[in-house]
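Q: I have a structure here, written as structure tokens, and I will follow up with some questions on it.
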Amino acid sequence: MHRRSMLWGVVSTLGAAFAASRANAAADAAAPAKLKVVYHLNDLDKVSFVLGNIQNHFDGVGGPDHVTIALVIHGQALRAFHSASANPDITRRVGQFSKAGLELAACGNTMKSQKVELKDLLPGFISADRGGVVRIAELQSQGYLYLRP
């Protein structure tokens, strides 16, 4: 009888350890990976809308610790980010987003056509030298989800 009790104790302990191990594995699998999102902006009339979407995105997931966001800008939309003519709200938002780790990529082709350099844009921009659409494709190949509001 003593052997049965010992055997039952060992089996119960192993079963509990196995169940705990499976529960931990399930919890780890259920924890979502940090999302990566690229926003595509080329319409001048959508600049404020897209910046609002990005703020809503950060707010909706609990901040930049829970999502990586890139904003790729080309075409007429880039005009809104020229430091000499940007409105104060856009300047403020870009500054906040830049501090939060948002990648702000300006299309190199658009920069050439508008005759602007990085120094002419609001602080925080990088140049997508091979083009905005190329940068978007690069980010998508790295697992970024594509959004074009």
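Q: Work out the charge dipole of segment 65-134 with +1 on the Cβ of Lys and Arg and -1 on the Cβ of Asp and Glu about the Cα centre, then indicate which of Gly131, Val72, Gln114 is farthest towards its positive end.
A: Gln114
Q: Once every Cα of segment 49-149 carries one equal point scatterer and solvent is ignored, give the base-10 log of I(q)/I(0) from the Debye formula at q = 0.12, 0.15, 0.20 Å⁻¹, two decimals.
A: Values returned for q = 0.12, 0.15, 0.20 Å⁻¹ are -0.37, -0.59, -1.05.
Q: Scan segment 68-149 for GluC sites (Glu not before Pro) in coil per DSSP, keeping those whose Cβ has at most 15 other Cβ atoms within 10 Å, and list them by number.
A: Glu117
Q: Using θ = phi - 60° and the Karplus relation 6.51 cos²θ - 1.76 cosθ + 1.60, list the HN-Hα couplings for segment 101-117 in order, rounded to whole Hz, with x at every Gly or Pro.
A: Values per residue, Gly and Pro as x: x, 5, 7, 10, 10, 9, 4, x, 5, 5, 4, 5, 5, 8, 6, 10, 10 Hz.
Q: Express in nm, to one decimal, how much length is gained between Arg130 and Ser83 on full extension, taking 0.36 nm for each residue of separation and deducting their alpha carbon distance.
A: 14.7 nm
Q: Here is a follow-up. Where a Cα-Cα gap under 25 Å defines reach, which lysines qualify for Lys119, not counting those fewer than 8 residues away within the same chain?
A: Lys46, Lys99
Q: Across all directions of projection, what mean area in square nanometres is found for the Cα convex hull of segment 99-149?
A: Computed as one quarter of the Cα hull surface, the answer is 4.2 nm².
None of the figures in this text is laboratory data; all of them are computed from the coordinates on show. Quick caveat, the model's predicted, so the values are computed rather than measured. Cβ sites come from the backbone with ideal geometry, for glycine too, and all protein chains shown count toward neighbours.
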